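One structure below.
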Amino acid sequence: MKSKSSGGLVYSTEHGRTCPGCRQPLSACSCKQAIVPAGDGIVRVSRDTKSRGGKCVTVVKGVPLAATELAALGKTLRAACGTGGTTKDGVIEIQGDHCEAVMAKLKALGYTVKRAGG
């Protein structure tokens, strides 16, 4: 006997990937945008080189914002540093070692910031 899949439509040629929760395209997903990560209210900034071929990135974790606001903050931080990067899974990654500049910008925006790592 075949078991039914609890999933549903995962990919559509019209819209691309769809969210399994609300069945909307990922770009118009309403269920994941409302999720704000719970944390202690402290934004942690660190420098990381793991799994990047020795290249350094500045990692920002613990920002209590939804996905769309986090992406906008990531864009602001990248522009302040004059470099590229990405925002994914609640983490902002900025290319290069810009910990001090990122911490200064976050403090100016009103966040409680700590340097994490060494």
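A few points about this structure:
Residue-by-condition table, conditions (1) out of contact with any strand residue (DSSP E or B) (no Cβ under 7 Å at 6 or more places or on another chain); (2) under 30 Å from residue 28 (Cβ atoms); (3) not assigned by TED's automatic domain parsing to the domain that holds residue 28:
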{"residue": "42", "(1), (2), (3)": "no, no, yes"}
{"residue": "49", "(1), (2), (3)": "yes, no, yes"}
{"residue": "55", "(1), (2), (3)": "yes, no, yes"}
{"residue": "58", "(1), (2), (3)": "no, no, yes"}
{"residue": "65", "(1), (2), (3)": "yes, yes, yes"}
{"residue": "69", "(1), (2), (3)": "yes, yes, yes"}
{"residue": "72", "(1), (2), (3)": "yes, yes, yes"}
{"residue": "94", "(1), (2), (3)": "no, yes, yes"}
{"residue": "101", "(1), (2), (3)": "yes, no, yes"}
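- Just one of the listed residues (50, 55) is of a type outside the set (Gly, Ala, Ser), within 17 Å of residue 116 (Cβ to Cβ), part of a loop (DSSP other than H, G, I, E, B) and at pLDDT 80 or above, and it is 50.
- Here residue 65 meets the list (1) surrounded by 13 or more Cβ atoms within 10 Å (Cβ to Cβ); (2) outside any loop (DSSP other than H, G, I, E, B); (3) of a type outside the set (Asp, Glu) almost entirely, failing just condition (2).
- Long-range neighbours under 8 Å by Cβ, at least six apart or interchain, first residue under 17 Å from residue 40 (Cβ atoms) within the stretch 100-118, second assigned to a helix (DSSP H, G or I): 106/77; 113/103; 113/106; 113/107; 115/99; 115/103
The values are calculated or read from the model by the stated rules, or taken from the named source; none is laboratory data. Just so you know, these numbers come straight off a predicted model, no measurement behind them. Cβ: placed from backbone, ideal geometry, glycine included. Neighbour counts: every protein chain shown.
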